[in-house]
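The values are calculated or read from the model by the stated rules, or taken from the named source; none is laboratory data. Since the model is a prediction, treat every value here as computed from it, not as a measurement. Don't worry about glycine lacking a Cβ; one is built from the backbone with ideal geometry, like all the others, and counts go over all protein chains shown. What goes into the accessible areas is simple: the full protein's heavy atoms, side chains included, and nothing from ligands, DNA or RNA. Shrake-Rupley method; radii C 1.70, N 1.55, O 1.52, S 1.80 Å.
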Amino acid sequence: MAASTYDIAAEQGTNYAATLTYANSSGTAINITGYSARMQVRRSAGSSSAVLTLTNASGITLGGAAGTVAIAIPAAALAVVAAGNYVYDLELVSGAGVVTKLISGDFIVTGEVTR
């Protein structure tokens, strides 16, 4: 399954939240019980360091049989990411170690004016 492209626009100093459902071509949710998740934001795909990293231990909540993946980035984490254009991807890893890229795209951070 090819990853979907989805661009994310986030604002410094605010919370970002989104939920998606991992589903098959018929729209039926795929059970992700026992999976882990990871997401990184980088200046470019070739950048050696990430400006933001989320896992199911911090920032990503997996919904098991419902197939949901909830992303929550707190305002404090976004406040330290410089305004600009980045790239990201979100991957699921099965208990057997099979990696599936769910979504990827641009991650655009706009600057905070009111502080």
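Couple of notes before you dig in:
- Only one of Leu52, Leu62 that is modelled with pLDDT of 95 or more, over 13 Å from Phe107 (Cα atoms) and surrounded by 13 or more Cβ atoms within 10 Å (Cβ to Cβ): Leu62
- Sub-6 Å Cβ pairs linking a first residue in the stretch 3-18 that is farther than 22 Å from Arg115 by Cβ to a second residue that is assigned to a strand (DSSP E or B) and open to solvent by 50 Å² or more (accessible area, probe 1.4 Å), at least 6 apart or interchain, are Ala3/Lys101; Asp7/Asp106, ordered by first then second residue.
- Residue list for the stretch 1-36, restricted to those being in a loop (DSSP other than H, G, I, E, B) and among the small types (Gly, Ala, Ser): Ala2, Ala3, Gly13, Ser25, Ser26, Gly27, Gly34
- For Ala65, the stated conditions hold: it is of a type in the set (Gly, Ala, Ser) and in a helix (DSSP H, G or I).
- Residues being of a type in the set (Gly, Ala, Ser), touching a Phe, Trp or Tyr at 6+ places or on another chain (Cβ under 9 Å) and under 30 Å from Asn24 (Cα atoms) are represented in the stretch 97-115 by at least one member.
- Scan the stretch 1-59 for residues that are out of contact with any Ser or Thr (no Cβ under 6 Å at 6 or more places or on another chain) and farther than 25 Å from Val81 by Cα and the total you get is 14.
- Residue within the stretch 73-81 that is in a strand (DSSP E or B) and either open to solvent by less than 50 Å² (accessible area, probe 1.4 Å) or touching an Asp or Glu at 6+ places or on another chain (Cβ under 6 Å) (or both) present: yes
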